[in-house]
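The values are calculated or read from the model by the stated rules, or taken from the named source; none is laboratory data. These figures come from a predicted structure and were not determined experimentally. Don't worry about glycine lacking a Cβ; one is built from the backbone with ideal geometry, like all the others, and counts go over all protein chains shown.
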Amino acid sequence: ASPGAVSIIAEISVQLQFDPRIYQQHNHHDDTDQSVELNTTSVLANYATEAGEAHVRVVDLRSDTLTKPTQEMRRAMFEAEVGDDVYGEDPTVNALEKKAAAMLNKEGGLFLPSATMSNLVALMSHCKERGCEAIAGDSSHMFLFEQGGAAQMCTLPNKTDGTFDLDLMESKVRSGNDSLHEPITSLICVENTHNVCGGKVLPLDWLDELSLEDTVKLVSVVSLILPSWTPQLGTRARGLGIPIHMDGARLFNAAVYLKLPAARLVRDCASVSICISKGLGAPVGALLLGNKDFIQRARRVRKVLGGGMRQAGVLAAAGLVALDKMVDRLELDHRRAADIAKGNIKHNYLTIVTLNSAKFTVDLNNHQTNILFININSNNITNHNFCRRLATVLDQDPAPVVVKLSPWRKTGVRLVTYHEVTDEDTAAAINKLLLVMRELQ
């Protein structure tokens, strides 16, 4: 290292109270300093680059929330026509809400700061009074990662494909008629794609609803061909008189995977929330879609939660570009995540499975979209230590590459691809993954 680079690194290390030599002793860390180390790695890499050292490639695969707005989005934001959205007078927000509603074949839309708020607004709008209850999977984002904003939630075990048992769901429905002590089931929540299940796309036949007329016509025929045929989610929800809400934070990933319009996937949902700041690349925002009466109720709930953003057209402008330009390209994100798991002959990529390791495995058969889990099958390797080593550049590394992944539960890591992750980044990430896996074998 040049004297200039050493002095700069030493100076920033003192400011951060961090010893760069810790990089050489990655097994000595405890789990509490993970975020500090990952952030400091990036800082030191940037300083070393400025000092004339070899460029450190940072491939950050922790989440698709890391996306930054495209140049086209930035121009649209700069030029956006704005008004007061709480009064319904921001033309760019109105255009975004109208466009999203049309794409999903819903009557109306509502722009919100985040998908977490969008889901909460949906719950509060459907479950309009005290004593209401919503049903959701026990691995759903709404249940696990949104701080229990909807306190009354009945959970069902999620299957590995993101679904849950519909017979069990029906058995959990409570009308409130039988007992004053029970809540009233007022909503069924599903998630598509399903984050915790590895970016799984909900099976369309599970979601589908057959109209009453079609059901009558088909029962006699289908029951002869498929004696075990049972009505699916939409049919059952309609029969129970309970609306479905879809947490569609990555709905367009599911639509691209199935090669179907997104509207087809939400046909039987009374409401759907979509996020525009994940794979679609906008800096901020989500949309809640449903019929006009529902959206009117949701607008009131948004107000009480502090979600009215006034001149929000500056943000909505990026959302319009996202819906226009970023949906079809999601297929590239899916392909790059698959490359990491399965390899790619065209791009001459190696793959995790070529290592043939019992300690590091991926579920090749069930990978579908831009989320990939790597399982660590070893008592001697923690996911935190694995992530630290990936985020560390040692002298003996063949290339200066930092790869950032998210420790996931106790025995795995998660990686997520998005539009700023290039083919070159993918190749660099694969090489670093294979390097570290071989070291830790």
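Numbers for the structure displayed
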{"item": "Every pair of residues 6+ apart whose Cβ atoms lie under 6 Å, when the first sits in the stretch 235-261 and is in contact (Cβ under 8 Å) with a residue 24 or more places away in the chain and closer than 23 Å to S175 by Cβ while the second is in a helix (DSSP H, G or I) and among the small types (G, A, S)", "result": "I244/A237; H245/A122"}
{"item": "Residue in the stretch 374-390 that is within 25 Å of F252 (Cα to Cα) and surrounded by 16 or more Cβ atoms within 10 Å (Cβ to Cβ) present", "result": "yes"}
{"item": "Considering residues of the stretch 50-104 that are of a type in the set (A, V, I, L, M, F, W, C) and in a loop (DSSP other than H, G, I, E, B) only, the residue surrounded by the fewest Cβ atoms within 10 Å (Cβ to Cβ)", "result": "A54"}
{"item": "Qualifying residue in the stretch 188-207 (condition: at pLDDT below 95, over 14 Å from the mean Cα position of the chain (by Cα) and assigned to a strand (DSSP E or B))", "result": "yes"}
{"item": "Residue in the stretch 250-264 that is in contact with a Lys or Arg (Cβ under 7 Å, 6 or more places away or on another chain) and surrounded by 24 or more Cβ atoms within 10 Å (Cβ to Cβ) present", "result": "yes"}
{"item": "First in the stretch 101-119 and under 16 Å from V304 (Cβ atoms) and touching a residue at least 12 places away in the same chain (Cβ under 8 Å), second anywhere and assigned to a helix (DSSP H, G or I) and aliphatic (A, V, I, L, M), Cβ under 7 Å, 6 or more apart", "result": "L110/I295; L110/A298; L112/V121; N119/M142"}
{"item": "A262, sole failed condition from (1) touching a Phe, Trp or Tyr at 6+ places or on another chain (Cβ under 8 Å); (2) modelled with pLDDT under 95", "result": "(2)"}
{"item": "Condition broken by Q147, with the remaining ones in (1) at pLDDT 95 or above; (2) on the phi > 0 side of the Ramachandran plot satisfied", "result": "(1)"}
{"item": "Of all residues making up the stretch 105-139, the number that are part of a loop (DSSP other than H, G, I, E, B) and among the β-branched types (V, I, T)", "result": "0"}
{"item": "Residue check, G137 assigned by TED's automatic domain parsing to the domain that holds I244, at pLDDT below 85, within 26 Å of K259 (Cα to Cα) and crowded, with 16+ Cβ neighbours inside 10 Å", "result": "yes"}
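Residue-wise test of (1) of a type in the set (A, V, I, L, M); (2) surrounded by fewer than 24 Cβ atoms within 10 Å (Cβ to Cβ); (3) farther than 30 Å from A429 by Cα.
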position	(1), (2), (3)
G290	no, no, yes
D293	no, yes, yes
A298	yes, no, yes
K303	no, yes, yes
M309	yes, yes, yes
A312	yes, no, yes
A317	yes, no, yes
A322	yes, no, no
L332	yes, yes, no
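For every residue, the table says whether it meets (1) under 28 Å from L390 (Cα atoms); (2) under 25 Å from the mean Cα position of the chain (by Cα); (3) modelled with pLDDT of 95 or more.
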| position | (1), (2), (3) |
| --- | --- |
| N39 | yes, yes, no |
| S42 | yes, yes, no |
| N46 | yes, no, no |
| H55 | yes, no, no |
| R62 | yes, yes, yes |
| E72 | no, yes, yes |
| P91 | no, no, yes |
| L96 | no, yes, yes |
